[in-house]
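Report on the following structure.
The values are calculated or read from the model by the stated rules, or taken from the named source; none is laboratory data. Please read all numbers here as calculations on a predicted model, not as lab measurements. All Cβ positions, even for glycine, are placed from backbone atoms using ideal geometry, and neighbour counts span all protein chains on display. In case anyone asks, the SASA skips ligands and DNA or RNA and just uses the protein heavy atoms, side chains included. Shrake-Rupley method; radii C 1.70, N 1.55, O 1.52, S 1.80 Å.
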Amino acid sequence: MNSSSERTLPIPPLERDAAGPVVDTRRRGLRDLRISVTDRCNFRCTYCMPKDVFGADYQFLPHAELLTFEEIVRLAKIFRDHGIEKIRLTGGEPLLRKGLETLVEMLANELPGVDLTLTTNGSALKAKARALKAAGLTRITVSLDSLDDATFKTMNAVDFPVAKVLEAIDAAAGEGLAPVKINMVVKRGVNDTHIVDMARHFKGSGNIVRFIEFMDVGATNGWKMDNVIPSAEVVRTINEAFACEPANPNYFGEVAKRWRYKDGSGEFGVISSVTEAFCGSCTRARLSSDGAIYTCLFAQQGHDLKSMLRGGKSDEEIHNAIAAIWQLREDRYSEIRTEETSRSRKVEMSFIGG
Ligand code: SAM
């Protein structure tokens, strides 16, 4: 990964008024904040943190570089004043961050009304589901790439079994975090023959699978267009087994396109960042675990807010810095992606948060 000085850009001056809702150069507002609480993960998914790059000698962030819970809450409140309606805690694996339920409770208390969600690989979820729900978590997404143990173990590269993730999903649903969303990244030649099994398993369960196109996140996952299964193909495959039809989005800018089973047994979603880019409605900012703001999942650089927090800047100064960064935002990476751009030195997803 590039060093933190290469990764960060200076805070630009504020060019327009920071009062009222902030919009970027393409008139997109700021509605969602993804917070990476750690750059570490206990899985080595081949498409995200391949073992040969994230090996035993990989330099993760030292603890002192991570934002503290107090710093995260302070920034989240400043973002809320810009119109943030939804916060997703992610990583790395967020449940590896000690005491995460305390952070959830702090955010829930300080930001009432904000939708507070979490994305996890599920490995530590069974034991934590109750505490997370009690702390004020509103919803949860669990990643699971196959129901076939051998395939899943190959994909997570740490021999983690499917059964434990399924138990975690049940535990989360049982605690009232239903419907649980289940993310399956589909990669050609790896797990694309398991799409129907996944749909069948969760059909009628109340939980919702979302099939995600394999993306060129970061700079280490060896992405090739040939490995992408377009969402249209996923829908066709499922429709051959279980008749389905499109459903209306729940809200403007929803990332997943919804499909419902015609027999009334629920729905699934597809996330088509590669074949049907949704940059035009992207209202997401990402806060890296070391406190920089990134305005795109495919960014190469971000803006360091931690120095402002630790350098004694006021909330107003940080508010204005966020406004200035957002006002200059031009990102539309998925609309201009090519094999060549896929090889650019993008910041890793585990660092800025998935
Ligand atoms: N560790 C947590 C987890 O496994 O859900 C949170 C972080 S992970 C980076 C967030 C989501 O990004 C997961 O659902 C993961 O499958 C997805 N993801 C990671 N790399 C991806 C890629 N190259 N293409 C598509 N989705 C990816």
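For residues that are of a type outside the set (Lys, Arg) and touching a Lys or Arg at 6+ places or on another chain (Cβ under 6 Å), tally how many sit in the stretch 27-46.
Here the count works out to 3.
Looking at ARG88, ARG139, just one residue is within 21 Å of CYS282 (Cβ to Cβ), away from the ligand (no atom under 11 Å from the Cβ) and in contact with a strand residue (DSSP E or B) (Cβ under 9 Å, 6 or more places away or on another chain), and that residue is ARG139.
One line per residue, one yes/no per condition, for (1) farther than 15 Å from PHE268 by Cα; (2) more than 10 Å from the ligand (Cβ to nearest atom); (3) crowded, with 19+ Cβ neighbours inside 10 Å:
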| position | (1), (2), (3) |
| --- | --- |
| ASP159 | yes, yes, no |
| ALA163 | yes, yes, no |
| GLY189 | yes, yes, no |
| ASP192 | yes, yes, no |
| PHE202 | no, yes, yes |
| PHE214 | yes, no, yes |
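Does the stretch 221-228 contain any residue that is of a type in the set (A, V, I, L, M), part of a strand (DSSP E or B) and surrounded by 18 or more Cβ atoms within 10 Å (Cβ to Cβ)? It would help to see each step written out before you state the result.
Going through the stretch 221-228, the residues of a type in the set (A, V, I, L, M) turn out to be 225, 228.
Adding the requirement that they be part of a strand (DSSP E or B) leaves 228.
Among the residues that remain, those that are also surrounded by 18 or more Cβ atoms within 10 Å (Cβ to Cβ) are: 228.
Yes, the conditions are met somewhere in the stretch 221-228.
Taking the stretch 245-275 as the range and being within 16 Å of the ligand (Cβ to nearest atom) and open to solvent by less than 80 Å² (accessible area, probe 1.4 Å) as the test, the residues that pass are VAL255, ALA256, PHE268, GLY269, VAL270, ILE271, SER272, SER273, VAL274, THR275.
The residues in the stretch 330-354 that are within 12 Å of the ligand (Cβ to nearest atom) and open to solvent by 30 Å² or more (accessible area, probe 1.4 Å) can be counted, and the count is 1.
When the stretch 167-187 is filtered for residues that are more than 15 Å from the ligand (Cβ to nearest atom) and either in a helix (DSSP H, G or I) or open to solvent by less than 20 Å² (accessible area, probe 1.4 Å) (or both), the ones remaining, listed by number, are GLU167, ASP170, ALA171, ALA173, GLY174, GLU175, GLY176. If we scan the stretch 301-310, do we find a residue that is within 16 Å of the ligand (Cβ to nearest atom) and either over 17 Å from the mean Cα position of the chain (by Cα) or not aliphatic (A, V, I, L, M) (or both)? Within the stretch 301-310, none of the residues are within 16 Å of the ligand (Cβ to nearest atom) and either over 17 Å from the mean Cα position of the chain (by Cα) or not aliphatic (A, V, I, L, M) (or both).
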